[in-house]
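**Student:** Sending over a structure as structure tokens; questions will come in a sec.
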Amino acid sequence: MDYLAKYTTEELQGYYSDFHKSFYGFRPRFSISSDTWNNRSYLESQIDLIHKAMDKLKETFEGREELRANGWVVEETDVELAKHAKWLQDERDREMKEADAKWEAQC
């Protein structure tokens with residue numbers, strides 16, 4: 001967590017809030033007291049927990065695919081898995097285009 005030392009507490013709050021939203025889909029607006037919200041150690045540990053959760057997902061193809069489906073860039077080093085990931089991304093893109101076209105047709 002040495003990389004976090006360069007941030008002020010206010011910057012860590014923004015980092016944590018943004019990172020939490022990017023990873024979980026919502027901001028961490030649950031019951032956090034102002035003392036906790038201003039606690040560097042707490043913020044650093046929460047950021048570290050999200051990194052660990054992300055690293056855990058990266059251990060399997062399915063986990064990496066979940067990250068990719070949620071907009072994260074995760075590379076595959078195995079050629080066959082890279083092909084499969086590309087096919088899945090193409091399918092997501094195709095489905096998104098179909099949904100956009102359907103939406104446009106309704107407008």
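**Student:** Do we find a residue being under 12 Å from the mean Cα position of the chain (by Cα), closer than 30 Å to Met96 by Cβ and among the basic types (Lys, Arg) anywhere in segment 28-35?
**Tutor:** no
**Student:** Would you tally the residues in segment 1-24 being among the β-branched types (Val, Ile, Thr) and part of a loop (DSSP other than H, G, I, E, B)?
**Tutor:** Counting residues in segment 1-24 that are among the β-branched types (Val, Ile, Thr) and part of a loop (DSSP other than H, G, I, E, B) gives 1.
**Student:** Applying the selection to segment 20-38, what residues are under 21 Å from Thr8 (Cβ atoms) and hydroxyl-bearing (Ser, Thr, Tyr)?
**Tutor:** Ser22, Ser33, Ser34, Thr36
Residues are listed down the side, and each one gets a yes or a no for (1) modelled with pLDDT of 95 or more; (2) aliphatic (A, V, I, L, M); (3) touching a strand residue (DSSP E or B) at 6+ places or on another chain (Cβ under 9 Å):
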position: Leu49; (1), (2), (3): yes, yes, no
position: Ala53; (1), (2), (3): yes, yes, no
position: Lys56; (1), (2), (3): yes, no, no
position: His84; (1), (2), (3): no, no, no
position: Asp90; (1), (2), (3): no, no, no
position: Asp93; (1), (2), (3): no, no, no
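**Student:** Since Arg68 meets every condition but one in (1) under 17 Å from Gly25 (Cβ atoms); (2) in the same structural domain as Phe23 (by TED's automatic domain parsing), which condition does it not meet?
**Tutor:** Looking at each condition in turn, Arg68 falls short on (2).
The values are calculated or read from the model by the stated rules, or taken from the named source; none is laboratory data. Here the structure is a predicted model, which is why all the values come from computation and not from measurement. Reconstructed Cβ throughout: ideal geometry from the backbone, glycine too, with neighbour counts over all protein chains shown.
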